[in-house]
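Taking it in order: structure first as structure tokens, then the write-up.
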Amino acid sequence: MDTTLLIRYLGDTPQLRIIDFFLDNRSDYSKKEILESTGMSKTTLYKVWPDMEQLKVVIPARKFGNTTLFKLNRDNVIVKQVISLDSALGKMIMERMSESKKHSKAIRV
């Protein structure tokens, strides 16, 4: 899994990895798919999952046979704050890159 801005600046925690996965993948997923995509162990996922469900960060989206598919609860205040922070980090990096390009062009002239 590539390190995203969110993980890079806030730390590589299981909870952030799960949220980050859902931010990049806007559908519903089984726990197995989340495990495979985030690269975390089953033990780690099952350790943090109950809290994430209790806080309604992730919510059941639908059942597919015996499997429950989950999605990120974008109406949750915690999720909204993380999305806002992710957006701010992206904007900050883009501004830095823009400044760097302007500075390097000024030096060449």
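ASN73: net charge of surrounding residues, Cβ under 11 Å, Lys/Arg +1, Asp/Glu -1, itself excluded? Provide the component values of the computation, followed by the final result.
Working: positive: LYS56, LYS71, ARG74, LYS80; negative: GLU53, ASP75.
Residues close to ASN73 contribute a combined charge of +2.
If I build a Gaussian network model for the chain, linking alpha-carbon pairs within less than 10 angstrom, which residue out of MET94, MET52, MET40 has the largest mean-square fluctuation?
Fluctuation is largest for MET94.
If you put +1 on each Lys and Arg Cβ and -1 on each Asp and Glu Cβ, how big is the dipole of segment 5-108 around its Cα centre, in Debye rounded to 20?
320 debye
Around ILE59, what is the net charge, scoring Lys/Arg as +1 and Asp/Glu as -1 over all other residues with Cβ under 15 Å from its Cβ?
Summing Lys and Arg as +1 and Asp and Glu as -1 gives +4.
In the chain, if the dipole is taken from +1 on Lys/Arg beta carbons and -1 on Asp/Glu beta carbons about the Cα centre, which of GLN81, PHE64, LEU35 is farthest to the positive end?
Final value for the positive-end residue is GLN81.
Calculate how steeply helix 77-108 sits against the longest principal axis of the alpha-carbon atoms of the chain, using the helix alpha-carbon long axis, and give the answer as 0 to 90 degrees to the nearest 10.
For helix 77-108, the angle is close to 20 degrees.
Looking at segment 1-58, which trypsin sites (Lys or Arg not before Pro) are DSSP coil and have at most 13 other C-beta atoms within 10 Å of their C-beta?
Values: sites: ARG8, ARG17, ARG26, LYS31, LYS32, LYS42, LYS47, LYS56; in loops: ARG26, LYS56.
Hits after loop and neighbour filter: ARG26, LYS56.
Under the Kirkwood approximation for Rh and a Cα-based Rg, what ratio Rg/Rh is obtained for the chain? Walk me through the numbers before you get to the answer.
Numbers: Rg = 17.4 Å, Rh = 15.5 Å.
Value, to two decimals: 1.12.
Hey, what does the equivalent ellipsoid look like for segment 1-47, semi-axes from the Cα gyration tensor as sqrt of 5 times each eigenvalue, largest first, whole Å?
The answer is 16, 13, 8 Å, longest axis first.
Helix 42-54 versus the longest principal axis of the chain: what angle, 0 to 90°, nearest 10, using Cα atoms?
The angle comes out at about 90 degrees.
Each reported figure results from applying straightforward, stated rules to the coordinates on display, with no laboratory input. Bear in mind the structure is a predicted one, so any value in this text is a computation, not a measurement. For neighbour counting, all protein chains shown are included, and Cβ atoms are generated from backbone atoms with ideal geometry for every residue, glycine included.
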